[in-house]
Amino acid sequence: NAGVTQTPKFQVLKTGQSMTLQCAQDMNHEYMSWYRQDPGMGLRLIHYSVGAGITDQGEVPNGYNVSRSTTEDFPLRLLSAAPSQTSVYFCASSSNGEAGKQFFGPGTRLTVL
Amino acid sequence: LAKTTQPISMDSYEGQEVNITCSHNNIATNDYITWYQQFPSQGPRFIIQGYKTKVTNEVASLFIPADRKSSTLSLPRVSLSDTAVYYCLVGDKGTDKLIFGTGTRLQVFP
């Protein structure tokens, strides 16, 4: 099992550009989530999903979109990048019965100029 | 969202026991309390999870009082490799979302 994979590892964007951060898991987990972690800070929930076709907003959803067309994939879209979105983005997954016991990907480090 | 708070930092020496608390006054009734460890440039890693009373595994213990409004992660006999940031994760009663605590940076000295 590869676990939770994220691509790319690093990305630099200009203000106003859009992009999609990819996340995939091969553990057949229903629950998937996206967090952002600003330098020296904690993790904040952006969006989450409890299964294919079902998504919901977290603490800081503005500026981001998600979709969940399959169990395995949960991409995060930045609509129009802003410098305030410079952060490390982590994707995580777990089974619905153990949503708190999440497995995290290695992260994507995003810089917006 | 109610804030889930932890001490910002703690220092310890190798071989000592370390107890890190998390205050979660608005925890969801049916959710577990989970603790994670995070090293620089890595994603958080699961340590331990519990619902009430005490849970112990090979690396840590978790103490949860009856009202579940706080929890304490106990690391026995820490080593230098335990230097990391520790987070609690709980469900918020108002929103039913899983929210991380503010994190505690543990520094272990030789």
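The values are calculated or read from the model by the stated rules, or taken from the named source; none is laboratory data. Every value quoted in this text rests on a predicted model; they were computed, and no experiment measured them. A quick note on method: Cβ atoms are made from the backbone with ideal geometry, for glycine too, and the neighbour counts reach across all protein chains shown. Each accessible area value is taken on the protein alone, full model and side chains, heavy atoms only, with ligands, DNA and RNA left out. Shrake-Rupley method; radii C 1.70, N 1.55, O 1.52, S 1.80 Å.
If you keep only loop residues by DSSP, which trypsin sites (Lys or Arg not before Pro) in the stretch B:3-110 have at most 10 other Cβ atoms within 10 Å of their Cβ?
Numbers: sites: B:3, B:45, B:52, B:54, B:68, B:69, B:77, B:93, B:97, B:105; in loops: B:3, B:52, B:68, B:69, B:77, B:93, B:97.
Sparse-neighbourhood loop trypsin sites (Lys or Arg not before Pro): B:77.
Mind checking the stretch B:11-110 for GluC sites (Glu not before Pro) that DSSP puts in a loop (not H, G, I, E or B) and that have at most 11 other Cβ atoms within 10 Å? Provide the component values of the computation, followed by the final result.
On the way: sites: B:14, B:17, B:58; in loops: B:14, B:17, B:58.
Within the stretch B:11-110, the qualifying GluC sites (Glu not before Pro) (loop, at most 11 other Cβ atoms within 10 Å) are B:17, B:58.
Which FRET efficiency value, to the nearest 0.05, is calculated for residue A:54 and residue B:81 with the Förster distance at 30 angstrom and r the Cβ-Cβ distance?
Values: r = 39 Å, r/R0 = 1.31.
E between residue A:54 and residue B:81, to the nearest 0.05, is 0.15.
Share of chain A's accessible area from carbon and sulfur, percent, 1.4 Å? It would help to have the intermediate numbers written out before the result.
Values: 2620 of 5110 Å².
Within chain A, the accessible surface is 51 percent carbon and sulfur.
When chain A is modelled as a GNM with alpha-carbon springs shorter than 10 Å, which of A:92, A:24, A:52 fluctuates the most?
For chain A, modelled as a Gaussian network with Cα springs under 10 Å, the answer is A:52.
Percent of Cα-Cα pairs per 5 Å bin, from 0 to the last occupied bin, for chain A, please list those.
Whole-percent P(r) values from 0 Å outward: 2, 13, 24, 27, 18, 10, 4, 1, 0.
Take the Cα pairs of the stretch B:39-88, get the Kirkwood Rh, then feed it into Stokes-Einstein at 25 °C and 0.890 mPa s and tell me D in µm²/s.
Details: Rh = 12.1 Å.
D, rounded to a whole number, is 203 µm²/s.
How fast does the protein assembly as shown diffuse by Stokes-Einstein, in µm²/s, taking the Kirkwood radius from C-alpha pairs at 10 °C and 1.306 mPa s? Don't jump to the answer; show the numbers that get you there.
Values: Rh = 17.9 Å.
For the chosen part, D equals 89 µm²/s.
For the stretch B:39-54, state which residues have at least 30 Å² less accessible area in the presence of all protein chains than in their chain by itself, taking the probe as 1.4 Å and leaving out ligands, DNA and RNA.
B:41, B:43, B:44, B:46, B:49
Separation of the stretch A:49-113 and the stretch A:1-25 by C-alpha centroid, Å?
For the stretch A:49-113 versus the stretch A:1-25, the Cα centre distance is 10 Å.
In Å and from the alpha-carbon atoms only, list the Rg and Dmax of the stretch B:1-82.
In Å, with Rg to one decimal and Dmax whole: 13.1, 38.
Do any trypsin sites (Lys or Arg not before Pro) in the stretch A:8-71 lie in a loop, going by DSSP, with at most 11 other beta-carbon atoms within 10 Å of their beta carbon, and if so which?
Numbers: sites: A:9, A:14, A:36, A:44, A:68; in loops: A:9, A:14, A:68.
Passing sites in the stretch A:8-71 are A:9, A:14.
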